[in-house]
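Have a look at the structure below before the remarks.
The values are calculated or read from the model by the stated rules, or taken from the named source; none is laboratory data. Being a predicted model, the structure only gives us computed values, none of them experimental. Cβ coordinates were reconstructed from backbone atoms using ideal geometry, including for glycine residues, and neighbour counts include every protein chain displayed. All accessible areas refer to the heavy atoms of the entire protein, side chains included, with ligands and DNA or RNA removed. Shrake-Rupley method; radii C 1.70, N 1.55, O 1.52, S 1.80 Å.
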Amino acid sequence: VEGTTYEELLKTLQLSVNEYYVDAKVAVNIAEVQSQKVLVIGEVAAPQVLPLTQQLTVLEAVTRAGGINPDSNTRNVMVIRGGLATPIVFTVDIHALISQGDMEQMVYLQKGDIVFVPSSTITNVDRFFKHIQAILAPAVGGSAIYRNVISGGAQGTSSALD
């Protein structure tokens, strides 16, 4: 059956059984799917690729990825579906799902989905300033102005033009 779709398999089996039985009905149960995966990235403890062997919700996927980091924005978790060529992006409010039981946020993942847990705004601002500080430190690290900004004041400086 490898390489056939569910519908093709069902039709093939139905035709085969009809050779021996009259009005027989065929049913196929899928026990496990091994080649389907989803990606969980962003502000989770352990970003990873998860096998999609059964129904999996966004909340379950995030939990399997070690849970959400404290720096995350749980109100705007993104699910990217359909591949990178023609993606469909929608948001899931995990906060509403957990705190209010909003079952409309219970999204089931599909093969190839990407779950992205973004950072909170304050985390992005903090990371931005740390990045700028790292860039500017070698250039202005010796100046009294830079030392005063980093230390939090102008105490004990004799000249602003070191």
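Please specify each residue of region 92-124 satisfying the condition of being of a type in the set (A, V, I, L, M, F, W, C), within 25 Å of residue 37 (Cα to Cα) and not in a loop (DSSP other than H, G, I, E, B). Result: 92, 94, 97, 98, 103, 114, 115, 116, 117. Among all positions in region 41-49, there is no residue which is at pLDDT below 90, surrounded by 18 or more Cβ atoms within 10 Å (Cβ to Cβ) and in a loop (DSSP other than H, G, I, E, B).
Taking region 51-62, which residues are closer than 13 Å to residue 115 by Cβ and either part of a loop (DSSP other than H, G, I, E, B) or within 11 Å of the chain's Cα centre (by Cα) (or both)? Once the filter is applied, which keeps residues that are closer than 13 Å to residue 115 by Cβ and either part of a loop (DSSP other than H, G, I, E, B) or within 11 Å of the chain's Cα centre (by Cα) (or both), region 51-62 yields 52, 56, 58, 59, 61, 62.
With respect to residue 83, determine if the residue is open to solvent by less than 90 Å² (accessible area, probe 1.4 Å), in contact (Cβ under 8 Å) with a residue 12 or more places away in the chain and touching a strand residue (DSSP E or B) at 6+ places or on another chain (Cβ under 8 Å). Considered against the rule, which asks whether it is open to solvent by less than 90 Å² (accessible area, probe 1.4 Å), in contact (Cβ under 8 Å) with a residue 12 or more places away in the chain and touching a strand residue (DSSP E or B) at 6+ places or on another chain (Cβ under 8 Å), residue 83 comes out as no. Annotation: of all residues in region 63-80 being assigned to a loop (DSSP other than H, G, I, E, B) and among the small types (Gly, Ala, Ser), the one that is surrounded by the most Cβ atoms within 10 Å (Cβ to Cβ) is 65.
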